[in-house]
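The values are calculated or read from the model by the stated rules, or taken from the named source; none is laboratory data. Nothing here was measured: the structure is a model prediction, and the numbers come from that model. Note that we place each Cβ from the backbone using ideal geometry, even for glycine, and neighbour counts take in every protein chain shown.
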Amino acid sequence: MERNASFGQSRRLPRWARQRSRDVNRVSHRQRPAPLLWQTVGASVRAMDATDAYTAGHSVRVGYVAGAIGSCLGLTPLEIRLLQLGGGLHDIGKLRVPAALIAKQGGLSLDEYRCVMEHTVLGERLLARIRGQYPTITAVVRWHHERIDGRGLPDGLAGAAIPLPARIVAVADAFDAMTSTRPYRGAVLSTDEAVAELERSVGTQFDGTCVRGLRVACRDGAVLETARVRAAQPNRLADYLSRLVLGGSIEPPVSLDTELG
């Protein structure tokens, strides 16, 4: 399995990023979600629930779908739980982006696009207090818009230099973007259409293993559909994250009570 080699593998990175990727690779007991994490993010996620319901709901769905992909890739319960947390927090930096840009109808200018994409760096800054303790989560927040071909943001990482959790969340993020109604786009794709679109971008934008994991989740049905059904229910981002952080069980893809409760 790829995860054994690259849950946080680094390649051609500056020294600070190599160290952070090595930290991501060391998923250990010290990364178990704990109250310190909730103390850091609780106010921010409650603010997102109150001010940007779409992004909050999108973040819940991305967390669920990322967990479904991780399950199909054979990640451990701890890795899945951290992945779900990273997915839930991946857009937290949008709290620092002008709300008018987040909800803008139609396309963005180049300057507006750059401003919106700053949410990756802004989100990591919001989580600076927990960077050393939860490198998997902050890696997802900073690097979920990197591309396999190295043309992504904010650091232009390529291939396996992008930690696996960020590559998984990139796929889950795009999948939800294509299959849910966005403020600036009403049309949505079916599950099959969205997966086919992702497959066309394997090797350029997306990691092939992660897209195959999504395909398996879709084919299996139970894993992904349970994720989508649960995410479609009234479910504030604060509720979703607090259950993960404070030790409650969250499904799919696995019960986490025994190992992490």
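Test of understanding: among Thr209, Thr179, which residue is of a type in the set (S, T, N, Q), at pLDDT 95 or above, surrounded by fewer than 24 Cβ atoms within 10 Å (Cβ to Cβ) and under 17 Å from the mean Cα position of the chain (by Cα)?
Values: Thr179 fails: at pLDDT 95 or above.
Just a single option satisfies the conditions, and that option is Thr209.
Only one of the numbered conditions (1) out of contact with any Asp or Glu (no Cβ under 6 Å at 6 or more places or on another chain); (2) more than 30 Å from Leu36 (Cβ to Cβ); (3) outside any loop (DSSP other than H, G, I, E, B) is violated by Leu101, and that is (1). Before we move on, is Thr226 in a helix (DSSP H, G or I), at pLDDT below 85 and polar (S, T, N, Q)? Against the criterion (in a helix (DSSP H, G or I), at pLDDT below 85 and polar (S, T, N, Q)), Thr226 qualifies. Within the set Leu75, Leu95, Leu122, the sole residue that is surrounded by 21 or more Cβ atoms within 10 Å (Cβ to Cβ), over 11 Å from the mean Cα position of the chain (by Cα), within 24 Å of Leu241 (Cα to Cα) and of a type in the set (A, V, I, L, M, F, W, C) turns out to be Leu75.
So which residues in the stretch 141-169 are in a helix (DSSP H, G or I) and of a type outside the set (D, E, K, R), if there are any at all?
Of all residues in the stretch 141-169, those in a helix (DSSP H, G or I) come to 141-143, 159-161, 164-169.
Listed by number, the residues that qualify are Val141, Trp143, Gly159, Ala160, Ala161, Leu164, Pro165, Ala166, Ile168, Val169.
For residues that are among the polar types (S, T, N, Q) and at pLDDT 95 or above, scanning just the stretch 182-206, find the one that is surrounded by the most Cβ atoms within 10 Å (Cβ to Cβ). For the stretch 182-206, the residue satisfying everything is Gln205. Considering every residue within the stretch 23-44, establish whether at least one is surrounded by fewer than 22 Cβ atoms within 10 Å (Cβ to Cβ), modelled with pLDDT of 75 or more, closer than 26 Å to Val216 by Cα and of a type in the set (Ser, Thr, Tyr). Within the stretch 23-44, not a single residue is surrounded by fewer than 22 Cβ atoms within 10 Å (Cβ to Cβ), modelled with pLDDT of 75 or more, closer than 26 Å to Val216 by Cα and of a type in the set (Ser, Thr, Tyr).
Looking at this structure, is Arg129 more than 21 Å from Gly203 (Cβ to Cβ), surrounded by fewer than 24 Cβ atoms within 10 Å (Cβ to Cβ) and of a type in the set (Lys, Arg)? The answer is yes for Arg129.
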